[in-house]
1. Check off (1) farther than 28 Å from A:Gly168 by Cα; (2) touching a strand residue (DSSP E or B) at 6+ places or on another chain (Cβ under 6 Å) for A:Ala49 and give me the number that stays unchecked.
2. Here are the criteria: (1) under 27 Å from B:Ala136 (Cα atoms); (2) out of contact with any His (no Cβ under 6 Å at 6 or more places or on another chain); (3) in a helix (DSSP H, G or I); (4) of a type outside the set (S, T, N, Q). Tell me which single one B:Ala270 does not satisfy.
3. Condition first: surrounded by fewer than 24 Cβ atoms within 10 Å (Cβ to Cβ), among the small types (Gly, Ala, Ser) and closer than 26 Å to B:Pro171 by Cα. Now tell me which residues in segment B:241-291 satisfy that.
4. Filter segment B:136-151 down to residues that are of a type outside the set (Val, Ile, Thr) and more than 7 Å from chain A (Cβ to nearest Cβ) and give me whichever is farthest from B:Phe246 (Cα to Cα).
5. Could you tell me whether any residue of segment A:242-252 is in a helix (DSSP H, G or I) and more than 22 Å from A:Pro298 (Cα to Cα)?
6. Given A:Ala282, A:Ala257, which one is closer than 20 Å to A:Ile14 by Cβ, within 10 Å of chain B (Cβ to nearest Cβ) and modelled with pLDDT of 85 or more?
7. Restricting to segment B:110-129, and then to whatever is of a type in the set (A, V, I, L, M, F, W, C) and touching a residue at least 24 places away in the same chain (Cβ under 8 Å), can you tell me which residue is nearest to the other protein chains (Cβ to nearest Cβ)?
8. Could you list all residues from segment B:46-83 that are crowded, with 24+ Cβ neighbours inside 10 Å, away from every other protein chain (no Cβ under 14 Å) and among the hydroxyl-bearing types (Ser, Thr, Tyr)?
Amino acid sequence: MSLQLFIEQLLNGIQFGFMLFLMSAGLTLIFGVMGLINLAHGSFFMIGAFSASFVAGLTGNFILAILASLIFPALIGIMVEFAIIRKLYERDHLDQVLATFALILLFSEATRYIFGAFPLFLDIPNILQGNILLPGEIVYSKYRLIIIIIGLFIAVGLYFLINRTLLGIQIKAGQNDRQMIRVLGINISRLYTIVFAMGAALAGLAGALIGAIQSVEVGMGEPVLILAFVVIVIGGIGSIKGALIGALLIGVLDTMARLFLPIFFELIMETSQALSLGSSLASMSAYLLMTLVLIFRPTGLFGKK
Amino acid sequence: MLTEKKFNLIIVLGIFTFSLIGYVMSEPYFITLATKIVILGIAGCALNLILGFGGMVSFGHAMFFGVGGYVAAISAFHSMNGESIDLIFFDFNGSSQMLFNWFLAVIFSMFFALLVGSISIRTSGVYFIMITLAFAQMTYYFSVGWTKYGGEDGLSTYVRNDLFSINTMLPLNFFIICFSCLCIVGFILNWVINSNFGNFLKGCKENEEKMISLGLNPYTLKLTAFVISGAITGLAGALYVDLNRFVSPTSLSWQTSGELIVLVILGGSARLFGPLLGAIVFILLEQFLGEVTENWQFWLGVILVLIVLYFPKGVSGLFIKD
């Protein structure tokens with residue numbers, strides 16, 4: 001294998017990692033601040049992709065499509081938080097799992113009803129199509145590079161938001177002591193709604209960015225959701241830094257395992273078997289890593305004890 | 001309002017009557033529905049042992065359901081095509097006997113539960129939810145990649161296994177077999193819950209420190225419950241394969257784990273047989289809504305949300321007085 005291919009795949013892994021980060025950042029904040037397990041987070045991923053593809057079809061403008069993928073999920077997030085999610089914060093995890101599981105059914109079916117059962121497509125704008133030549137003779141997809149850059153911006157932005165703004169201080173306070181911040185006179189239900197909407201918007205953005213590479217279909221959010229849960233558990237629930245590191249770790253591990261395991265198994269068995277065994281073991285790798293992390297650090301890499 | 005005993009009796013008899021009605025009206029589909037309710041009810045009650053009484057939210061119980069199913073299906077598959085499995089010491093030819101395949105399913109899921117449980121029970125809360133999910137996902141991807149037994153397409157066993165000289169292909173006969181299993185499992189679980197062990201388990205849920213100071217080991221208690229629960233869920237998985245004569249990775253998927261949790265909460269996790277009522281409500285809702293509207297999943301979602309928000313004790317909470 002050439003070095004170029006290796007670096008290209010490494011970049012793919014990082015791109016996948018940043019996409020996972022967009023999902024996990026919201027998930028980990030929602031869990032850290034409100035103590036809510038939100039299985040319906042994958043639905044916002046899907047809603048983002050569908051709204052982007054709808055707006056792109058209407059206007060032909062990719063920037064507007066991306067904006068829609070932020071705004072629609074945030075609006076729907078606010079509505080759902082107001083009507084349902086709000087009542088779940090004080091409940092135990094079991095009720096949260098069931099209610100948000102039910103929300104998945106509700107959202108998926110509603111999307112199927114509105115947009116039909118066939119996958120939609122979201123085209124990459126012309127200027128982002130094709131490849132770019134990176135230093136070291138590496139040819140890489142422009143669009144995927146843009147995803148990496150957007151992911152970096154969001155990571156830096158979230159860092160400043162959490163550490164340098166009033167909202168960030170409130171979020172951090174909310175993670176540490178929910179009672180105390182209520183006593184301090186901060187409008188806690190408004191804070192919860194903001195955090196939930198922000199998480200929904202980030203998930204929607206991830207959905208739109210990925211929707212342009214894959215197809216936009218009902219149920220696209222759930223595989224990503226499960227991996228995002230793995231990410232936040234590895235990183236330690238509630239930690240944005242943990243989510244970033246966990247996401248990059250899982251992104252690179254998953255991509256590399258998909259590349260190398262089939263090659264490795266081809267040495268000892270026939271090609272078709274090696275391919276299927278290799279790819280199924282690659283799918284298992286993220287979960288294996290999570291299990292190992294939890295055995296040695298039961299609250300994740302950056303989680304509080 | 002009913003006592004718990006009367007409640008149990010009524011739902012069990014209700015299921016039985018439902019399938020008899022199906023028999024009298026020559027509607028084999030009713031009997032199949034009742035059989036499905038019984039099998040999922042067994043799995044739900046088994047999950048409830050650790051979830052409702054042990055406070056362990058397993059989001060990966062489909063792995064035991066699927067492992068039990070796959071073990072039974074693989075044994076039946078080999079018995080059918082005559083190809084033996086080389087097990088170093090002897091060749092295993094597979095079996096078409098239900099009892100033997102159930103036994104295999106229970107043993108395998110028991111050991112699997114021991115392995116998974118011994119690692120998972122070190123964690124708690126949301127980490128426990130996620131690590132059980134992780135194990136289930138690993139088995140799921142393993143089954144997808146194992147092309148010898150169908151991979152993603154699943155494995156068909158074509159005919160039902162044999163039990164003594166009963167014609168298991170007749171819906172009512174198979175229903176009665178599953179119903180008997182439900183009764184046996186019910187007695188076992190009831191005995192477990194009301195034994196000292198059951199009380200200690202409930203104690204672990206309430207206050208682990210207290211159990212430790214009583215000289216008990218919560219880890220062993222929880223692990224034992226986890227293994228019992230996994231073994232019974234494995235049995236349900238084997239029965240489900242007999243019902244459908246087919247097993248696929250779907251039975252190991254996280255959606256299946258989610259549905260098992262739905263049965264428990266829907267019925268009410270505070271009662272041992274709540275999940276059985278949960279299975280009745282869930283399957284009949286699925287059936288009824290599916291006939292009324294194409295978008296039945298939407299309405300199922302709405303109903304589930306309403307139940308979580310406004311009936312925190314589940315449907316059984318409406319019938320049983322405390």
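The values are calculated or read from the model by the stated rules, or taken from the named source; none is laboratory data. Quick caveat: nothing in here was measured; it's all calculated off a predicted structure. Every residue, glycine as well, gets a Cβ built from its backbone with ideal geometry; the counts of neighbours run over all protein chains shown.
1. (1)
2. (3)
3. B:Ser248, B:Gly290
4. B:Ala136
5. Yes, segment A:242-252 contains at least one residue that is in a helix (DSSP H, G or I) and more than 22 Å from A:Pro298 (Cα to Cα).
6. A:Ala282
7. Step by step, filter segment B:110-129, then rank; the result is B:Ile129.
8. B:Tyr70, B:Ser75
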